[in-house]
1. For the chain, what does the relative contact order come out to in percent, with C-alpha contacts under 8 Å and a separation of six or more?
2. Taking only Cα atoms, what is the 0 to 90° angle, nearest 10, from helix 64-74's long axis to the longest principal axis of the chain?
3. Can you give the FRET efficiency to the nearest 0.05 for GLN153 and ASN96, using r as the Cβ-Cβ distance and R₀ = 22 Å?
4. Considering the options PRO84, ALA74, ASN119, tell which one lies farthest towards the positive end of the dipole of the range 1-124, charges being +1 on Lys and Arg and -1 on Asp and Glu at the Cβ, about the Cα centre.
5. Please work out whether the range 1-101 counts as rounded, prolate or oblate from its C-alpha gyration tensor, where a ≥ b ≥ c are the square roots of the eigenvalues and a/c under 1.5 means rounded, while otherwise a/b larger than b/c means prolate and anything else oblate?
6. On the protein heavy atoms, probe 1.4 angstrom, tell me the percent of accessible surface of the range 24-180 carried by carbon and sulfur.
7. Which value in nm describes the separation of the simple spin-label points at SER121 and LYS31, placed 7 Å from the Cα toward the beta carbon?
8. Apply the a/c threshold of 1.5 to the C-alpha gyration tensor of the range 52-102 and tell me whether it is rounded, prolate or oblate.
Amino acid sequence: MKIQIIVGSVRENRTAIKIAHWIQRSFETYKFPNIKIELVDLKEWDLPIFSGSHLPISGVYDQPKQQAWADHIASGNAYILISPEYNHGYSPALKNALDYLGKEWSTKPVAYVSYGSTNGSRSIDQIRQVCIQLGMVDSNAVVEIRDIFTRNQTEFFEANQFDEQALKTVFYNLIQYITP
């Protein structure tokens with residue numbers, strides 16, 4: 001079983017990658033049997049703006065990059081989506097990555113991690129709407145990171161006790177959906 005952490009920011013000096021590494025480190029301390037975690041960085045994928053000729057829900061992908069993205073995402077059993085809050089919404093790179101595919105997301109559980117001026121709450125509200133439309137299962141687990149601008153001064157993201165507890169809930173909620 002595999003949980004994919006999708007880093008939804010592609011900006012230079014982004015906080016999202018620091019948060020992704022924190023999630024990875026935290027997951028490894030729990031030692032969940034038979035569950036792997038994988039970091040999926042949208043910056044590395046460099047997905048162009050979706051312009052396929054078929055609706056993604058059809059599962060017909062005529063662009064090689066779209067097919068590669070579909071194959072990679074299909075290998076995940078659950079997802080943790082990380083997004084900064086941009087103008088009361090979520091990252092356009094993450095929106096594009098979600099819109100690229102259809103059936104690969106369907107019936108798979110998802111959790112959310114966000115941050116910004118309102119702790120990322122508005123970002124998560126919007127991502128949830130899209131994920132529900134894609135047929136994903138909302139695990140009802142989120143991490144809304146407070147005070148990101150004062151806490152993001154070093155090379156590593158340093159979580160507080162509230163972040164750690166929320167992330168623990170994310171792990172347990174996702175795992176309950178993917179373990180038989």
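The values are calculated or read from the model by the stated rules, or taken from the named source; none is laboratory data. Here the structure is a predicted model, which means the values were calculated and not measured. With ideal geometry, Cβ positions are generated from the backbone for all residues, glycine too; neighbour counts draw on all protein chains shown. Heavy atoms of the whole protein, side chains included, go into the accessibility calculation; ligands, DNA and RNA do not. Shrake-Rupley method; radii C 1.70, N 1.55, O 1.52, S 1.80 Å.
1. Working: 304 pairs, mean separation 42.5, N = 180.
Computed value for the chain: 24 percent relative contact order.
2. Tilt relative to the chain: about 50 degrees.
3. Numbers: r = 30 Å, r/R0 = 1.36.
Given R0 = 22 Å and the Cβ-Cβ separation, E is 0.15.
4. Value computed over the given set: ASN119.
5. Working: a/c = 2.40, a/b = 1.31, b/c = 1.83.
Oblate, because a/c is 1.5 or more while a/b does not exceed b/c.
6. On the way: 4220 of 8070 Å².
In the range 24-180, the share of accessible area belonging to carbon and sulfur is 52 percent.
7. 3.8
8. Judged from the Cα gyration tensor, the range 52-102 comes out oblate (a/c at least 1.5, b/c at or above a/b).
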